[in-house]
1. Quick one: with all protein chains in place, what share of the accessible area of the chain is carbon or sulfur, to the nearest percent (1.4 Å probe)?
2. For the stretch 1-72, build the charge dipole from Cβ charges (+1 Lys, Arg; -1 Asp, Glu) around the Cα centre, then report which of S8, G64, S54 sits farthest towards its positive end.
3. Only four residue types carry charge here, +1 at the Cβ of Lys and Arg and -1 at the Cβ of Asp and Glu. Report the dipole size of the stretch 226-284 about the Cα centre in Debye, rounded to the nearest 20.
4. Put +1 on the Cβ of every Lys and Arg and -1 on every Asp and Glu Cβ in the stretch 89-171; which of L93, V146, L111 then has its Cα farthest towards the positive end of the dipole?
5. Taking the Cα centre of the stretch 1-149 as origin and charging only Cβ (+1 Lys, Arg; -1 Asp, Glu), how large is the dipole, in debye to the nearest 20?
6. Once the Cα atoms of helix 460-469 and of the chain are each reduced to a long axis, what angle between those two axes, in degrees from 0 to 90 to the nearest 10, is obtained?
7. Considering only DSSP beta bridges whose two residues both sit in the chain, what percent are antiparallel, to the nearest 5?
8. What residues qualify as long-range amide H neighbours of Q152, i.e. H under 5 Å apart, gap of 5 or more or another chain, H built at 1.01 Å from N?
Amino acid sequence: MQRSSLWSRLVETDVVDLAVVGGGATGLGVALDAVLRGFSVVLLESHDFGSGTSSRSTKLLHGGVRYLAQGQLSLVREALAERATVLNIAPHLAQPVPFVIPSYRWWQTPLYGIGLHLYDALAGRARLGSTQRLTAAQTLAALPGVQAAGLQGGVLYWDGQFDDARLALALARTAQRAGALLLNHAPVTGVTRCVPQATGDPRLALQVSDALQDRHTTVRARAVVNATGVWVDRLRAQACGEGPQGAPPRLVSPSQGVHVVVDRAFMPGRHALLVPKTSDGRVLFAVPWMGALILGTTDTPRQDVPREPQPFEEELDFILTEASKVLSRPVRRQDIRSLWVGLRPLVATQDTGGSGSTHALSREHTIVADENGMVTVTGGKWTTYRAMAQEVLDTCFAQGLLPAREGGATARHALVGAPAAGTPTVALHQPPGPHLWGTEWPGVLACPGADRDLGHGLTEAMVRFAARHEYACTVEDVLARRWRVLFVDAARARDMAPSVARLLQEETGLDPRQSAFEALAAAYLPR
């Protein structure tokens with residue numbers, strides 16, 4: 001998987017059925033679905049696969065417990081069904097996780113129990129376990145480190161947990177193996193209309209740059225899917241241009257979610273914690289993941305869409321304050337090992353105009369087809385990426401951009417590395433290890449340096465495998481998304497950068513951008 005070979009294939013490509021812009025969960029899902037239906041597919045990602053919102057989630061595959069209270073039962077039911085699908089096609093990257101909601105009022109346990117039994121019922125045969133009411137002693141046993149004073153009991157329920165960035169990578173590699181051409185670090189810099197002479201002719205031409213080398217090319221496509229997340233409005237405006245009514249109305253009203261990572265000693269068990277209602281009505285999670293503990297998340301509207309958003313001071317204070325209320329040991333800024341921010345592409349509405357509380361905005365996705373042949377998709381969440389991809393292709397068929405072809409294969413098509421059904425896997429609450437590669441681990445061991453540790457469990461062989469087989473070009477690609485150390489210990493990730501940079505330089509001949517990563521790692525630590 002040499003970049004020069006991939007770029008040459010792109011240059012030699014005349015016309016493709018479908019060009020997907022954006023290598024996050026949705027774009028990758030569309031690419032995989034389309035190529036499995038027999039279409040020729042190119043996917044272009046400006047940075048790295050999953051480098052935006054898709055690698056900055058709370059690491060949960062969930063139906064949306066909070067949406068039960070809002071009466072969005074159809075959304076919850078669909079997400080629960082899709083959760084089961086992801087657990088089946090990528091068991092090395094997605095697994096069930098038990099949650100506990102502690103009760104500090106006598107009425108909370110029966111109230112939460114009713115709602116979570118409904119959650120089980122909506123899941124049907126796809127449920128992961130049965131909801132149980134817990135005594136105070138059972139709750140403390142499940143959540144060591146939780147505040148014991150005033151504890152009345154709790155409710156245990158089940159949801160899904162995953163490695164979001166590596167799942168994105170698995171989607172990319174699965175699509176590549178099926179025949180799609182995917183490039184990361186390949187931004188689309190321009191969009192022009194073609195003039196179709198006959199049915200099936202290309203409608204749009206995309207100007208593409210190589211962000212790692214000074215070269216450019218053009219890709220013509222019969223249909224283009226704009227799956228650039230919070231940035232969809234930029235590409236859509238570029239493609240549509242200024243019409244009689246001006247630029248097309250924006251589709252996204254971004255919301256910022258902050259996650260804080262601390263040591264597992266704060267809550268050393270394997271159960272996750274959910275506080276369904278904090279002081280301002282938002283939820284709070286405490287999720288064991290990769291040997292650390294994730295605290296979050298916030299939900300703050302913002303007008304801009306930076307590539308590397310930073311937490312607002314009030315957001316950080318909110319998480320630390322609310323976590324300290326429910327944990328027996330107060331969480332302070334000096335306890336933070338890493339923090340990251342994700343921008344959610346919430347669907348904008350005329351009522352909100354992009355301001356005010358994001359609670360009023362839809363977590364569901366929206367799909368817009370423009371006359372020029374571009375289909376834009378935004379909103380939604382990781383859990384439903386596959387269902388969203390199906391709807392996007394259905395839209396392409398309905399618009400006459402592509403001939404309709406039967407789908408559904410993605411529900412059964414195991415992703416790269418998936419072990420056989422029933423094979424035991426290591427739980428994701430433990431430190432990362434060979435299980436993340438699944439059946440490909442022997443291939444990692446075949447690379448030089450399998451016994452040379454670079455820190456945090458990362459070996460030379462893993463870096464070489466990432467460069468040779470997993471599209472990794474930069475230090476950030478490796479330490480943020482192939483091996484998640486940036487997300488659990490930013491200081492250690494910064495220390496590991498020189499070793500990783502030397503290996504990447506040797507493998508790829510490209511600038512691994514070590515200094516840029518070290519600056520990024522510093523931004524993942526509290527100021």
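The values are calculated or read from the model by the stated rules, or taken from the named source; none is laboratory data. Keep in mind the model is a prediction, meaning the values are calculated, not measured. Positions of Cβ are generated from backbone atoms using ideal geometry, with glycine treated the same way; all protein chains shown enter the neighbour counts. Ligands, DNA and RNA are excluded from the accessible area calculation, which covers all protein heavy atoms including side chains. Shrake-Rupley method; radii C 1.70, N 1.55, O 1.52, S 1.80 Å.
1. C and S atoms contribute 51 percent here.
2. Of the listed residues, the answer is G64.
3. The dipole of the stretch 226-284 has a size of about 200 debye.
4. L111
5. Dipole size: approximately 700 debye.
6. With both axes taken from Cα atoms, the answer is about 40 degrees.
7. Taking every DSSP beta bridge with both residues in the chain, the antiparallel ones total about 75 percent.
8. It is S103, Y104, R105, by chain and number.
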